[in-house]
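Readers should treat all values here as calculations from the given coordinates under stated rules, not as data from a laboratory. These numbers come from a predicted model, not from an experiment. Glycine also receives a Cβ, built like all others from the backbone with ideal geometry; neighbour counts cover every protein chain displayed.
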Amino acid sequence: MNGLLDHLAAFMTEYRWWAGPVFALIAFGESLAVAGIFIPATPILFMVGVLVGNGRIDAASVVLFGMAGAIAGYWVSWKIGHHLGHRAWQTPALVRHRRGIARTRLFFRRWGGISLIVGRYLLGPFQSMLPLVAGVARMDARRFHRWNIASGVLWVVLVLTPGFLVGRGIAIAGIDQRYQNQMIAVLTFASCLLIVAGLAAMTRRGKA
């Protein structure tokens, strides 16, 4: 994982004009039903936030492209759910995750449209299933798009903020460029451990 992050960070800083489009693809994949379950997006998002914070990639490009990718990912997922209806739950990729899907469906049933915002932070990798659930439930397109746009905008800002603050701290401290990549790798690895611990705690609580 650290090797992937190192290569991604090197590419985004060397080819700065590609940082925004690359982040858009990451945000799109993380927001896409099924694919989002398997993409380890959180450490990548933290790393991108750090790169933005210390000025190694352009903030405006990353934020705008990221918002577009997140919104597009949810929209495609909603379209798939709207097209397939309840047949979506019979697809092989979802049958193996019945418990997570059931929890996501209950979450949407309880909270409705606002679940598209708060679910991004509370459902872990299964947040990408929320727009699919909304599509299957025949959520009105206009209503879905309002919640989806708000969700994508808020999500990008909030998920980049922790890494951004760390990146600003590194820049203000004047840490030598040679050691910045090592620091980013260590901090990103630490964030991965926290995420794994949090998911493990949620799993144990769900089984209790």
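Can you tell me how region 48-105 classifies by the Cα gyration tensor, rounded, prolate or oblate, using a/c under 1.5 as the rounded cut? Don't jump to the answer; show the numbers that get you there.
Numbers: a/c = 4.48, a/b = 2.38, b/c = 1.88.
Verdict is prolate for region 48-105.
If we sort 76-88, 20-32, 147-159 on the protection proxy, mean other Cβ atoms within 10 Å, highest first, what's the order? Each step should come with its number before you reach the end.
Values: 76-88: 17.4, 20-32: 22.3, 147-159: 19.8.
Highest-to-lowest ranking by the protection proxy: 20-32, 147-159, 76-88.
When a footprinting reagent is the concern and you count Cβ atoms within 10 Å, what order do ARG16, ARG109 take, fewest first?
Details: ARG16 14, ARG109 11.
Result, fewest neighbours first: ARG109, ARG16.
Quick check on the exposure proxy: order VAL48, VAL133, VAL34 from fewest to most C-beta atoms within 10 angstrom. Before the final figure, lay out each step's value.
Values: VAL48 29, VAL133 26, VAL34 16.
Fewest-to-most ranking of VAL48, VAL133, VAL34: VAL34, VAL133, VAL48.
Hey, fewest Cβ within 10 Å first, where do ASP58, ASP140 land in order? Before the final figure, lay out the partial values.
Values: ASP58 16, ASP140 10.
Ascending number of Cβ neighbours within 10 Å: ASP140, ASP58.
Over region 1-123, what per residue volume does the convex hull of the Cα atoms give, in whole Å³?
Details: hull volume 14.2 nm³, N = 123.
Dividing the Cα hull volume of region 1-123 by its residue count gives 115 Å³.
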